[in-house]
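Have a look at the structure below before the remarks.
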């Protein structure tokens, strides 16, 4: 997947669990878990806003675009 989610790193840095993020943001636990394990294919702007607000980060710190290698 060309987009990497850094939620797990941010949670580790802030010593938070999925439950902590759920309680502080009111986001669905499954949404947080899927982002943590990089299993999502789409995300709502509201979710991004809540996570960036919680961690005091930018979208670029939460997500990273990694282009695919061209086929040879």
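List of remarks:
- When residues in region 54-66 are screened for being crowded, with 16+ Cβ neighbours inside 10 Å and touching a strand residue (DSSP E or B) at 6+ places or on another chain (Cβ under 9 Å), 2 of them pass.
- Condition met for residue 29 (touching a helix residue (DSSP H, G or I) at 6+ places or on another chain (Cβ under 6 Å) and free of Cβ contacts under 8 Å to residues at least 12 places away in the same chain): yes
- Assessment of region 32-43 against the conditions (touching a residue at least 60 places away in the same chain (Cβ under 8 Å) and in contact with a strand residue (DSSP E or B) (Cβ under 7 Å, 6 or more places away or on another chain)) yields no matching residue.
- Taking the numbered list (1) loosely packed, with under 15 Cβ neighbours inside 10 Å; (2) assigned to a helix (DSSP H, G or I) in turn, residue 35 passes all entries but (1).
- The set of residues in region 1-17 that are part of a loop (DSSP other than H, G, I, E, B), closer than 23 Å to residue 68 by Cβ and at pLDDT 95 or above contains only 6.
- Any chance residue 69 is without any contact (Cβ under 8 Å) to a residue 12 or more places away in the chain and surrounded by fewer than 17 Cβ atoms within 10 Å (Cβ to Cβ): yes
- Selection status of residue 51, on the phi < 0 side of the Ramachandran plot, touching a strand residue (DSSP E or B) at 6+ places or on another chain (Cβ under 8 Å) and assigned to a helix (DSSP H, G or I): no
- Among the residues of region 18-31, just one is part of a loop (DSSP other than H, G, I, E, B) and either surrounded by 12 or more Cβ atoms within 10 Å (Cβ to Cβ) or modelled with pLDDT under 95 (or both), namely 27.
The values are calculated or read from the model by the stated rules, or taken from the named source; none is laboratory data. It should be emphasised that the depicted structure is a prediction, and the values quoted were computed from it without experimental measurement. Cβ sites come from the backbone with ideal geometry, for glycine too, and all protein chains shown count toward neighbours.
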